[in-house]
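Notes follow the structure.
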Amino acid sequence: MHFKCPIVEHHNAGRRIELAVFTDLADPSLPVVMTDAAALNGDLSTARSLTDVATRLGIRPVSILEPWPLTSVRIPKPWGEEIWLTGIEERGVSHVKDTPLHWLLDVAGDFFDTTSRLPILLKILSPSPDNPKGDLYFELHEQKQEVYVVTDVNPMAWPDGIGQIRMGFSKQKRASFEDDSAFLSSFREAIADYERVRRQIDRGATSPTLEAE
């Protein structure tokens, strides 16, 4: 069976594409092969099976009704990297074998009631083995949901075996300001102070007191 499915890649500036989807309805696992219809080269009408289609396109079939083997994407960070297993963003897209994850969710999401929203971002935080010098930053998520699974606690950093993840600003610190405007003003001053220190570090300063200015 072969059909076409128009989709919108919201993470890719709303790019509209038409997918060419090939499947074998006789297989209970419902395997599919899909590609951008505009990128199809050659006539596949002579293909005798889904395996033949997959071989010609160089795309491994994905069985919709079986667990999906995720292919990760690596996102560089100042402190190392994030390994995304379900990422669908402009910075990177995770795959299922050779197929972009969002293509499968658009075409087959009705099986799992996931067509209306992005999946929770499952990722691994992989710090650099060295002591990197990077930017300190806060990140605000307005829509994305993430799951953090702790797989290891560095005994050098946390000798008691108990680590911490800081999520957002301290409520006590925020409450110590008259209002949000005062808090943001102080936060901007802290950023300016940090920028001064960071630039000294970039110039090679290593003393705890850094350079007198």
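Just give me the residues in the range 175-197 being outside any helix (DSSP H, G or I), surrounded by 10 or more Cβ atoms within 10 Å (Cβ to Cβ) and out of contact with any Ser or Thr (no Cβ under 7 Å at 6 or more places or on another chain), in sequence order. Correct list: 176 only. From the list 17, 59, the lone residue that is under 27 Å from residue 120 (Cβ atoms), in a strand (DSSP E or B) and either among the β-branched types (Val, Ile, Thr) or touching a strand residue (DSSP E or B) at 6+ places or on another chain (Cβ under 7 Å) (or both) is 17. Looking only at residues in the range 148-169 that are of a type outside the set (Gly, Ala, Ser) and surrounded by 10 or more Cβ atoms within 10 Å (Cβ to Cβ), the one that is farthest from residue 119 (Cα to Cα) is 158. Restricting attention to the range 62-81, the residues that are part of a loop (DSSP other than H, G, I, E, B) and either closer than 22 Å to residue 127 by Cβ or in contact (Cβ under 8 Å) with a residue 40 or more places away in the chain (or both) add up to 5. In the range 1-12, the qualifying residues are those that are under 28 Å from the mean Cα position of the chain (by Cα) and free of Cβ contacts under 8 Å to residues at least 40 places away in the same chain, and the one that is nearest to residue 90 (Cα to Cα) is 10. Filtering the range 82-125 to residues that are in contact (Cβ under 8 Å) with a residue 40 or more places away in the chain, outside any strand (DSSP E or B) and closer than 30 Å to residue 198 by Cα leaves only 90. Screening residue 49 with (1) within 31 Å of the chain's Cα centre (by Cα); (2) under 12 Å from residue 2 (Cα atoms) gives one miss only, at (1).
Looking at 82, 18, just one residue is of a type in the set (D, E, K, R) and under 21 Å from the mean Cα position of the chain (by Cα), and that residue is 82.
Just one of the listed residues (172, 200) is in a helix (DSSP H, G or I) and either exposed (fewer than 10 other Cβ atoms within 10 Å of the Cβ) or touching a strand residue (DSSP E or B) at 6+ places or on another chain (Cβ under 6 Å) (or both), namely 172.
Within the option set 72, 126, 94, being polar (S, T, N, Q), out of contact with any Leu (no Cβ under 6 Å at 6 or more places or on another chain) and in the same structural domain as residue 15 (by TED's automatic domain parsing) holds for one residue only, 126.
Hey, does the range 60-67 have a residue that's more than 14 Å from residue 102 (Cα to Cα) and over 25 Å from the mean Cα position of the chain (by Cα)? The answer is no, given that none of the residues of the range 60-67 is more than 14 Å from residue 102 (Cα to Cα) and over 25 Å from the mean Cα position of the chain (by Cα). Cβ-Cβ distances below 6 Å connect the following pairs, each with a first residue in the range 192-213 that is at pLDDT below 65, a second residue that is in a loop (DSSP other than H, G, I, E, B), and a separation of six or more residues or different chains: 211/205. Selection of first residues in the range 50-61 that are surrounded by 19 or more Cβ atoms within 10 Å (Cβ to Cβ) and of second residues that are in a helix (DSSP H, G or I), restricted to Cβ pairs under 8 Å at least 6 apart or on distinct chains, gives the following pairs, ordered by first then second residue: 61/50; 61/51; 61/54.
Scanning the range 87-100 for residues that are modelled with pLDDT of 95 or more and hydrophobic (A, V, I, L, M, F, W, C) turns up 93, 96.
The values are calculated or read from the model by the stated rules, or taken from the named source; none is laboratory data. Here the structure is a predicted model, which means the values were calculated and not measured. FYI the Cβ positions are ideal-geometry reconstructions off the backbone, even for glycines, and counts take in every protein chain you see.
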